[in-house]
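Okay, here's the structure, questions in a sec.
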Amino acid sequence: MPRLERQVDLLYHFGRLQLPRIRLSREQFHRHLERMYELARHKLASLEKKTYLERMYGVDALLAAACLERDEPAWEYLFAARAGQADQLLLDALRRRAARLFPGDEERQESALADFWSHLLAPESPGSLPILARYDALRPLVPWLIRSFHNWHVSRLRSPQERVESLPDEELLPPPRSETETLPNSEHWHEVFREAASCWLLTLGEDDLLLLGLRWRYRLSQREVAQLLGVHEGTISRRISQLRDRCLDYLTQRLEQAGWTGEDISVLLYQEMGQVLLESPRCSARALAQLLTRHGLTVSQDSSIS
């Protein structure tokens, strides 16, 4: 059990790196994750917790949980989310679905959108769940919301004579991750990833190492890092985004050079990156403490990951 709890913590911290402005405690994330797991088990009775944590979309789970907690930055992230091959904003993608459901009826289209948004957090009837509370994190959140919007309104159409255009194949919600198809279980790829991640850490300068250490090992919020370094929070946000993008580009390139053909490396990131950071001499508590001293900074050791 401690190993699973540690894996949940890694999912939480990785998600916070991806969505740094979200204000969701680890305890809240743990609680929502347990609820999502129970939802998944209702559909897949034999699903073990370990398998669920390996197959789930951790960042999307964090975003959904924060939205359910009415976290304003989380809703900003959701409104800015993009969907499909056309790279549309979520709201624009939903407008397209509404236009297909109710062609030529703009008033009904707007009503459909407003109805859907209003029930993301509020149940439609007593005893039912809000739409967002039905998300089990086994599928990407944005395509799931689009599909939920489509299905929700199809089920509400009263007349059987009303025909609804199907979603194009490329926009259909992908099936849940299967262990045999998309989950990189091979120990070979875990080893390749760990080596690539260790090499990436060696490419970082002191400023990037300090930022990574403050956010990950010391678990400071984006705002706290900005205050400590005496810069604007937006500067830290941009630096984190740039650091994340460089990391993903580097790791993806290294794995592809080794023959990787998977769609993405998110599962490997969730499973291995935390341990790589823990074992890296450059990210050790001692190394980061020396780095802080050289920069004339002081951070409480109580919050650090040992």
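Among the candidates Arg23, Arg97, single out the residue that is assigned by TED's automatic domain parsing to the domain that holds Asp115, out of contact with any strand residue (DSSP E or B) (no Cβ under 9 Å at 6 or more places or on another chain), surrounded by fewer than 17 Cβ atoms within 10 Å (Cβ to Cβ) and among the basic types (Lys, Arg).
Arg23
Further question: What do you reckon, is Glu170 at pLDDT below 50, out of contact with any helix residue (DSSP H, G or I) (no Cβ under 8 Å at 6 or more places or on another chain) and not in a helix (DSSP H, G or I)?
no
Check segment 104-111 and report whether any residue there is more than 22 Å from the chain's Cα centre (by Cα), in a helix (DSSP H, G or I) and crowded, with 19+ Cβ neighbours inside 10 Å.
yes
(1) more than 21 Å from Met56 (Cβ to Cβ); (2) at pLDDT 85 or above: which one isn't true of Leu251, the others all being true?
Among (1) more than 21 Å from Met56 (Cβ to Cβ); (2) at pLDDT 85 or above, the lone unmet condition for Leu251 is (1).
What's the number of the only condition in (1) of a type in the set (A, V, I, L, M); (2) more than 11 Å from the chain's Cα centre (by Cα); (3) surrounded by 17 or more Cβ atoms within 10 Å (Cβ to Cβ) that Met56 fails to meet?
(2)
The values are calculated or read from the model by the stated rules, or taken from the named source; none is laboratory data. Given the structure is predicted, the values throughout are model-derived calculations rather than measurements. Note that each Cβ is placed from the backbone with ideal geometry, even for glycine, and that neighbours are counted across all protein chains shown.
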